[in-house]
Amino acid sequence: MRSSSRLVVACLALLLAGCSQFVVNSRHDPQADFGALHTFGWLPRDEADPADQMTPNENFDRRIRADIEQDLRGKGFAPAGSAAPDFLLNYRVSSTPVSAVQGDPSFGGWGGWWMMTPGWEAQFSDDYDEGALYIAVLDPDRQRMFWLGVAEARLLPSMSFDRTLERIDAAVAAILKSFPPR
């Protein structure tokens, strides 16, 4: 019985670790009527900010769009086609260099490895890039944003192409989990 309890705890820890690969937040206009939304379209690229809807790889752009559309269809929204959409979609990918100090300044020691005494700080600097995927929902008439979701995570440049696509899938799903707001 004890080993099965340990297995359950280990599986739960793995699930939570998988869910926590992103820091996800969203905001919305409390005055917006999300119940009136049924159809969507993409903000035309020529109307978007130059940094919007741009990725370092066109396959990433296709994947982000496909993931967003698939998620929205699963929630009952439909592409507007040639009709006027109830809301427009836009996205942005960004990268920011981060320098963080890690470690415990109270842990350390002088002398040999066997003797731990105060004086040496077990700290190190960790420099990396943090990426963010923003998904915005806009009013098609005024192009005013009324919902914004973001997933932020450490970028892993050594990650395989397939693993990167899996991470895009997970980020889009994590962001759109809160759309529409309830």
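Just so you know, all these numbers are worked out from the coordinates, no wet-lab data involved. Everything quoted here is computed from the prediction, not taken from an experiment. As a convention, Cβ positions derive from the backbone with ideal geometry for all residues, glycine included, and neighbour counts pool all protein chains shown.
Sorted from fewest to most neighbouring beta carbons within 10 Å, what does the list F87, F22, F60, F161 look like?
Placing the least packed residue first, the sequence is F161, F60, F22, F87.
For a quick check: sort V150, V137, V23 by the number of other beta carbons within 10 angstrom, fewest at the front.
Least to most surrounded, the residues fall as V23, V150, V137.
Taking neighbour Cβ counts within 10 Å as the exposure measure, how do Y134, Y91 sort from fewest upward?
Numbers: Y134 17, Y91 22.
Listing Y134, Y91 from fewest to most nearby Cβ atoms yields Y134, Y91.
Which whole-Hz ³J(HN,Hα) couplings does the stretch 67-78 yield from phi under the Karplus relation 6.51 cos²θ - 1.76 cosθ + 1.60, θ = phi - 60°, glycine and proline marked x?
Result, ordered by residue: 4, 4, 4, 4, 4, 5, 4, x, 9, x, 7, 10 Hz.
Residue separation times 0.36 nm, minus the C-alpha to C-alpha distance between T39 and S94: what's the value?
17.1 nm
Contour minus end-to-end for S160 and D49, with contour as 0.36 nm per residue of separation and end-to-end as the Cα-Cα distance?
37.0 nm
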